Structures are given as C-alpha cells and as structure tokens.
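The values are calculated or read from the model by the stated rules, or taken from the named source; none is laboratory data. This structure is a prediction, so every number in the text was calculated from the model and none was measured. Ideal geometry is used to build each Cβ from the backbone, glycine not excepted, and the neighbour counts take in all protein chains shown. These accessible areas exclude ligands, DNA and RNA; they are computed on the full protein's heavy atoms, side chains included. Shrake-Rupley method; radii C 1.70, N 1.55, O 1.52, S 1.80 Å.
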Amino acid sequence: MAMRQTPLTCSGHTRPVVDLAFSGITAYGYFLISACKDGKPMLRQGDTGDWIGTFLGHKGAVWGATLNTDATKAATAAADFTAKVWDAVSGDEVLTLAHKHIVKTVSFTQDSSCLLTGGNDKLLRVYDLSSPESAPQEIAGHTSAIKKALWCNSDRQILSASEDKSVRLWDRSSMEEVKTLTFDTSTIAFYNALSLELIKSVEAPAPINSASLHPEKDFFVAGGEDFKLYKFDYSTKEELESYKGHFGPVHCVRFSPDGELYASGSEDGTLRLWQTAVGKTYGLWKCVLPEDLGADNTEQIYTAPPEVKA
C-alpha cells in the first residue's frame, strides 16, 4: 500500500514563519530554531518538533535566526534594528548588537567566535563576540537590502544574497568581493560555493522562496508561492514528490543535519516537519508490520494519526 506523508505540525507562532535553522548533531540530538514576524523566536527539539522555549526580548518582527553547531548559542535578526545573541540552554539574552536599520540575517562562524549580520542598510557586518563593544568590520557592495548571509569555505569566505537580485562571494581577510551572480528567473540553481560556478539548474514548478540540498546530495526540496513542498532527485533533476500541507506560501525549508527530515515555515504561522523517506520509523513517526500479515503480503503499514501536532 502507498505510504502517505504525514507532516508534524508545530504550532505556537502567531504570525508568518520566515526563517528556520537546525543545529548540528549534539549529545542531546539536534535542535531547530524558527524566526517569526510575531517577534518571538522559538527553539524546538529537531526530530520531533517539541517546543523547548521562546526567546523573549525583541520589539519587532524577527526575520532571521540561527544556532551554533553545538546548540549552545542562538542568534536572531529583527525589525527593531538589533541582532541578539542568546544562551540557547538557559534562554537568556547575552548580547544586543545595535544596527541602523532592520536586520534580516545572522550567521555564526564554526567556532562561534564571530557573528555575521546583514539587513536593510545593505551592509554586511562581522562582530567579534569576544569583544562586542568593538566596532564591527563592515562590507559594502550590495545596492539593496541583504536577505541572507552565510559563512562558507571554513569561514574564509562569505556568501550574501540581496534584493538587488545578486548573490555575492566575499573574501573574509581582504573584505573584497570575489564574484557576483545576478538572477531574474524562477529556477532552482546549484553553484560551487568556492567559485560560484554553475553546477546545475532546475526549472521550478512555481515561484520558489527557498530550497535545501540533502546532506548526502541525494535529494533537494523546495517550497514557494503555491503552498507546496517539492522533492527532487538531485542527480536526475526529476520531481519525485509534492505535498500540500501549508495554508500559505512557504518561506523557508531546510533539511535536518542527519537528512532524515526537512522542516518548512510558512505564511500560515506554522512549521511542519516532513519525512525524507516516508514510512520510516523516526522521531514521532512509527512504521509497524502487523503480525497477521501473511508471507505473501508483507507490505509495511505506516501508522500515524492524520495530523500530529508538536
């Protein structure tokens, strides 16, 4: 019998969910943070979606959120012209970094020593978290608001994406621009992160807001304006599955660090967790083989309620 994808629905937010990020795998599993226009970023257990806590302190919509690798620190970017660093274990605010405009994105270095920010003032900033009172390094070049910025190449380079329809690669030591890509089409494209050379592109079935590549590069998923999640084979570019579970556009989608699930955040105010391999026993999903099935009828039956809320 066919397996039916049953996403876990994570409620709690009251406005659109606009960003999410997973931690690395720790001794306590892995974790998920969500950014929402309600101004209250939330931390959850990554494999189940169970709520752990809410970071309280921002006075405006939170546009970006991230966790460091071992999930001991969180960072958020908000419309109150600040980025904040939090103790992800206690939930306490550690640091507030004042900006001159709305902050949209935050990213830790691998050793959590520096924080990268970007936003509506078109500047990238690098803060030394061991000396937060020091002025940050600033990188100028984008001509419109920065929507996302990430460390790459072992923190030696920075990738940034902007509303000026460009993705730019920067050298951290020289703070100089290495390469720029411009976009004006609705495709899902994969680039070498070191050179920004195009690897492959896929025509999108709808306007896409976010895409994520499986850790082992087997699949990629994408979501956008038609409320659906699409799963593709990375090698063949074939669309494998599509699921409609959200009741609004999908703003963000990310694979978990072990690749067993992917999370999506939507205009409808929810996060949903989706299985990569539908029917596998993992987290809150259970797959059983009833004892009364004969030897000639050994199909597994997937047992999950129609809607599971975490």
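Tabulated data
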| quantity | calculated |
| --- | --- |
| Gain in span if fully extended, LEU150 to SER11, counting 0.36 nm per residue against the direct Cα distance | 47.3 nm |
| Distance (nanometres) between label positions extended 7 Å along Cα→Cβ at ASP233 and ILE25 | 2.6 |
| Probe 1.4 Å, accessible area per residue of segment 107-233, Å² | 47 |
| Förster-model FRET efficiency, 30 Å R0, HIS101 and TRP51, C-beta, rounded to 0.05 | 0.45 |
| Full-stretch length increase - GLN137, SER112 - with 0.36 nm per residue and alpha-carbon distance subtracted | 7.4 nm |
| Mean separation of Cα contacts under 8 Å, 6 or more apart, over the residue count of segment 12-77: relative contact order % | 32 |
| Accessible area in the full protein assembly, largest first, 1.4 Å probe, for GLU176, GLU267 | GLU176, GLU267 |
| Carbon/sulfur fraction of accessible area - the chain, other protein chains in place, 1.4 Å, % | 50 |
| The chain, relative contact order in percent, only Cα pairs under 8 angstrom and at least six apart counted | 17 |
| Simple Cβ-charge dipole of segment 1-133, Lys/Arg +1 and Asp/Glu -1, about Cα centre, in debye nearest 20 | 540 |
